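The values are calculated or read from the model by the stated rules, or taken from the named source; none is laboratory data. Please read all numbers here as calculations on a predicted model, not as lab measurements. As a convention, Cβ positions derive from the backbone with ideal geometry for all residues, glycine included, and neighbour counts pool all protein chains shown. Note: accessible area is taken over every heavy atom of the protein model, side chains too, but ligands, DNA and RNA are not part of it. Shrake-Rupley method; radii C 1.70, N 1.55, O 1.52, S 1.80 Å.
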Amino acid sequence: MDGNTPITELKGVGDKTRKLFEKLDIRTVGELLDACPRDYEMFKEPLKIQEAACGDVCAIHAAVSGIASERRIRRLSILHVNVADETGGLQLIFYNMPFLKKTLRPGGFYIFRGLVRSKAALKVMEQPKIFSMEDYRKLTDRLVPRYALTKGLTNQAVQKYVKQALSLYEFRSEYYEASFLDAYQLVSRREALETVHFPKDYDSLARARRRLVFDEFFEFLFLIRSSQRLNKELPNNHKMFETADTVRFLEKLPFPLTKSQNKVWQEIREDLLGESCMNRLVQGDVGSGKTIVAVLALLMTAANGYQGALMAPTEVLAVQHFETIQKYVTEYGLLFCPVLLVGSMTAKEKRAACEKIAAGETNLIIGTHALIQEKVQYRSLGLVVTDEQHRFGVRQRELLAKKGENPHILVMSATPIPRTLAIILYGDLHLSVIDELPVGRLPIKNCVVNTSYRPKAYQFIAGQVAQGRQVYVICPQVEGDGDDAEGGLPLENVIDYTEKLKNALPSDVQTAYLHGKMRPGDKNRIMNQFAAHTIDVLVSTTVIEVGINVPNATVMMVENAERFGLAQLHQLRGRVGRGEHQSYCIFISADEKADSMERLQILNKSNDGFLIASEDLKLRGPGELSGIRQSGEFSFRMGDIYADAGLLKQASEAVDRLLLTDPDLAQPEHVRLKAHLKEAADTSVDFRSI
């Protein structure tokens, strides 16, 4: 059994289970083994109630002393159960579990595990898990892996299939030399995979994770740095000349460029006029005005008789760019003849657009991945701009560049990355930074609160909607999996939370949800409806981090804020504060420990994304083992550029050393590594989005 073996070859995986795994993008045994646990739980010995500290996740062994009350709020059932031991009492709160009135016998002893909070003078646990002593003993002092799940697929079932796969899997020979493993303190690939799924302790788990994260960074950096197109200073085949078009555009704009925007525009301008082909990254905080700089570059390209292409990560953002530029054409008389090319267009519309592009009848092509399809032929592609660069893979970037004779490349990113890491990750690009916001922007008002603040938050949301504003609510999971808590902390999901909000908000508030597993057409429909204000409250995963611009949205509420990196929370916050109205961001943390709340307070103190990213780098310790995998920063499966910054630097050094001594991997000791890297490049269509 190898990595390409269909998952149906595993005993017990029939058609129904196969479809459930497909929802998680798992179709082969290799993909199953690569789907590492999202987190781990340590089940410690039960405590006495008196010993259970507020803010901690723990287990208590107590007897049911009575059912305190049950009440209903619309369709929500709330059950209060009192428990006690010889040291004191505690109240349990269960939601939509009325059957427990019959299941929990007064006087019966159980183990309850969950997050302890204080409520008035009481200690409480919300939605704790219930165990018999026998079942709990089986878990005690073990690191229990927890996987990303979907309804119908339990954590226990995934563990069973992973264990079976590991026992049957034929591991290949190690592709690193023994001296290389020793130099970077790496365990074997086999040991790493076996341990990350079934760790004996935290130390062995940390070693396993180190190997897997190193592999991700090493593969990514090697492919980036060995790419000829992205590394060489190529001659400028599309040398441009100064024209009056950009100057006139700047004079007509109702606002002046900031000093930072001006500086970056001059750097781009010099590239376009220079002897070498431009290969530049523009990093700028959310709302810093990167788009206008890109428009200036595209305008200069059009004025010189070349075509420009602007590729956005989502259809909605592509359409918004298209509409914005059409508005510029109407208002300021720009010489653009733009055309839109996105996946949802009809075959006839696409064909017409492609004919215009090939004939040179358009000088600006705006779209999504449709721009790099084989049938799209450009007449004279001189500049390629990719927006939200971390959403595009290296190969996509190369494919678009190959559409012309080495066109200039300008990439834009709102992901705030400390310069030390940016140099490693974007080493093939010249770096420009827009580090100030346009004058007149109202700063976003922030608050960091615990879950008890929710009723007030819902009232505030209702008030904003009544004033005609719109709201985003972010949850870390798509759907409840019957096991939706991380280490005992409740973990909110988009599907159930949408229903919760519909019950909590006035009936005339239009609430809908959005997540990455939806069909592209459905995602676009929802985002368009939100942009058109037929939806008031949008409950979403981080899929809205890029790709939607709604100036009327004034509230961003993030549930389980403790589960996200600060830089990503700042990115999410950037979805509001884009219009004339005061905007607000509410970070709700299920973890009330002092260090978690203190970390989130950094977002209260600053709206500077680069400062926040630097703080994130300091605070997220090396090789953090907790935390869900984030979308939006960089799509490494396990690696985190902040928590694993030291390992990223080591992988960078290893790649540089290898490229210096054996750039073609021609030496005998590198045969297996060469084959592995080729396979990584060939099988990863979206390999490491940067």
Could you point to the residue in LEU92, ALA590, ALA370 farthest towards the positive end of the chain's charge dipole, with +1 and -1 charges on the Cβ of Lys/Arg and Asp/Glu respectively?
LEU92
Give me the 1.4 Å probe accessible area per residue for the stretch 84-157, excluding ligands and nucleic acids, in Å².
52 Å²
Hydrodynamic radius of the stretch 250-409 per Kirkwood, over alpha carbon pairs, in Å:
15.9 Å
Overall form of the stretch 2-71 per C-alpha gyration tensor (a/c, 1.5; a/b vs b/c)
prolate
Under the rule of at least 5 residues apart or a separate chain, name every residue whose amide H is placed under 5 Å from the amide H of TYR513.
VAL539
Once you compute Rg and the Kirkwood Rh from C-alpha atoms, what is the Rg to Rh ratio for the chain?
0.98
Note down the magnitude of the dipole of the stretch 226-332 about its Cα centre, charges +1 on Lys and Arg C-beta and -1 on Asp and Glu C-beta and zero elsewhere, to the nearest 20 debye.
100 debye
Amide H contacts under 5 Å for LYS593, restricted to residues at least 5 apart in sequence or on another chain and with H modeled in the peptide plane, are none
Once the other residues with Cβ under 10 Å from the Cβ of VAL465 are scored (Lys, Arg +1; Asp, Glu -1), what is the net sum?
-1
Qualifying GluC sites (Glu not before Pro) for the stretch 103-202 [loop in DSSP, other Cβ within 10 Å: at most 10]:
GLU170
Projecting the Cα atoms of LEU115, LEU505, ILE357 onto the charge dipole of the chain, where Lys and Arg contribute +1 and Asp and Glu -1 at Cβ, the residue farthest towards the positive end is LEU505
Charge tally in the Cβ shell below 9 Å around ALA208, where Lys, Arg are +1 and Asp, Glu are -1, ALA208 excluded:
+2
Pull out a ≥ b ≥ c, the square roots of the eigenvalues of the alpha-carbon gyration tensor of the stretch 152-281, then state rounded if a/c is under 1.5, prolate if not and a/b is larger than b/c, and oblate in the remaining case.
prolate
Let a ≥ b ≥ c be the square roots of the eigenvalues of the Cα gyration tensor of the stretch 112-215; is it rounded (a/c under 1.5), or, if not, prolate (a/b larger than b/c) or oblate?
prolate
Solvent-accessible heavy-atom area per residue, rounded to whole Å², over the stretch 206-274 at 1.4 Å:
47 Å²
For the chain, the longest stretch holding no chymotrypsin sites (Phe, Trp or Tyr not before Pro) located in a DSSP loop with at most 12 other Cβ atoms within 10 Å is which?
242-690
So if each residue of separation counts as 0.36 nm, and I subtract the Cα-Cα distance between ALA157 and VAL329, what length gain in nm does that give?
56.2 nm
Counting only protein heavy atoms and a 1.4 Å probe, tell me what percentage of the stretch 165-305's accessible area is made up of carbon and sulfur.
50 percent
Among residues other than MET42 whose Cβ falls under 10 Å from its Cβ, what is the net charge (Lys/Arg +1, Asp/Glu -1)?
-1
Suppose every Lys and Arg Cβ carries +1 and every Asp and Glu Cβ carries -1, with no other charges. What dipole size does the stretch 188-288 come out with about its Cα centre, to the nearest 20 debye?
160 debye
